[in-house]
1. Can you confirm whether region 29-52 contains a residue that is at pLDDT 90 or above and over 19 Å from residue 125 (Cα atoms)?
2. Determine, yes or no, whether residue 43 is out of contact with any strand residue (DSSP E or B) (no Cβ under 6 Å at 6 or more places or on another chain), in a helix (DSSP H, G or I) and either farther than 26 Å from residue 133 by Cβ or not assigned by TED's automatic domain parsing to the domain that holds residue 143 (or both).
3. Between 203, 151, 136, 147, which is at pLDDT 70 or above and over 60 Å from the mean Cα position of the chain (by Cα)?
């Protein structure tokens with residue numbers, strides 16, 4: 001029971017440290033696994049020592065049993081030969097061997113019982129360690145998830161939503177201004193082409209007015225368009 005008492009105290013101490021010092025759960029869980037491994041190794045070592053003691057006690061017990069049986073056999077041989085004194089001496093040795101046999105038998109049974117108990121404790125500790133290792137991954141995952149949620153919450157609290165949208169509005173206004181300027185330059189470029197076309201039509205109209213004034217003036221002076229026709233006449237003659 002000492003192994004489990006130490007393990008219980010160890011786990012409680014680690015949990016209390018976590019609560020009091022606000023330690024990192026991941027580190028704490030890993031440390032608990034390390035400590036449990038150490039306790040398991042100690043328990044296995046104790047089990048090995050107990051089994052060694054059990055074997056020694058068993059050997060002494062069996063040796064005493066063999067000696068007792070050997071003196072009993074010798075006492076029977078003496079009686080068969082009619083030598084009671086020799087038989088009594090052999091039986092006296094048997095009685096002494098039986099006393100040692102009873103002592104070693106009790107010791108062996110006690111050590112065997114303790115060894116079985118330690119072996120059962122080691123098996124329980126192994127199962128607990130396996131369970132702790134399986135829970136370790138889950139606890140670490142939950143700790144990491146909680147840490148992530150905490151960081152996201154902190155980021156959201158530090159983030160000024162109103163300021164961010166105000167900046168976006170200003171950026172949108174700048175983009176709209178750029179779009180308006182681009183449209184204006186496009187219209188200006190198109191206006192130059194239109195002005196050129198207007199100038200051509202104005203020039204045509206001006207030319208027409210000049211021609212009309214020329215015809216009026218020539219008509220008043222009695223002049224005709226003969227020179228223009230003379231220019232075309234040779235072409236007709238040809």
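The values are calculated or read from the model by the stated rules, or taken from the named source; none is laboratory data. What you are looking at is a predicted structure, and each value in this text was computed from that prediction instead of being measured. Heads up, the Cβs are rebuilt from the backbone with ideal geometry, glycines too, and the neighbour counts pull from every protein chain shown.
1. So far as region 29-52 goes, yes, one or more of its residues are at pLDDT 90 or above and over 19 Å from residue 125 (Cα atoms).
2. So residue 43 fails the test.
3. Unique residue meeting the criteria: 203.
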